[in-house]
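The values are calculated or read from the model by the stated rules, or taken from the named source; none is laboratory data. Source: prediction; values computed, not measured. Heads up, the Cβs are rebuilt from the backbone with ideal geometry, glycines too, and the neighbour counts pull from every protein chain shown. When the accessible area is computed, the model is the full protein with side chains, heavy atoms only, and any ligands, DNA or RNA have been set aside. Shrake-Rupley method; radii C 1.70, N 1.55, O 1.52, S 1.80 Å.
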Amino acid sequence: MIEVLLLVIGALLGLGAGVWLGLRWGMRLAEAPAWRYWAANAVVSLAGLAVAIVGQFLGQMWSAVAGLGIMGGGITGLKYGYGRNPGVWAVHDRLMGIDDDGRDG
């Protein structure tokens, strides 16, 4: 029972930390070129993966789950902090005539 509780706590802490850091980093990237946003996504993914691997190597599954939370939360935080639609959605928005703020225009 305690192991399950530690897994849930690890996941929530990782997710919260990832979203918080991702939002802050994404806001700094708002005026930067798009390639920096994508590079930040790669860094967040590799960092979360590294935490997950180290957690598994040490036999601490709560840490491995926290790494997955960092990865998911970080990517989400970067997207919302960046404030623009990158990638496939940017093409969709141009075709539909929607501006970067998500308003018709």
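Residue by residue through segment 23-54, note down the ones that are free of Cβ contacts under 8 Å to residues at least 24 places away in the same chain, open to solvent by less than 90 Å² (accessible area, probe 1.4 Å) and not aliphatic (A, V, I, L, M).
Hit for segment 23-54 is Pro33, nothing else.
Can you give me the number of residues within segment 10-35 that are within 14 Å of the chain's Cα centre (by Cα) and closer than 23 Å to Tyr82 by Cβ?
Of the residues in segment 10-35, the ones within 14 Å of the chain's Cα centre (by Cα) are 11-27, 29.
Narrowing the set further to residues that are closer than 23 Å to Tyr82 by Cβ leaves 14-27, 29.
Residues meeting the conditions: 15.
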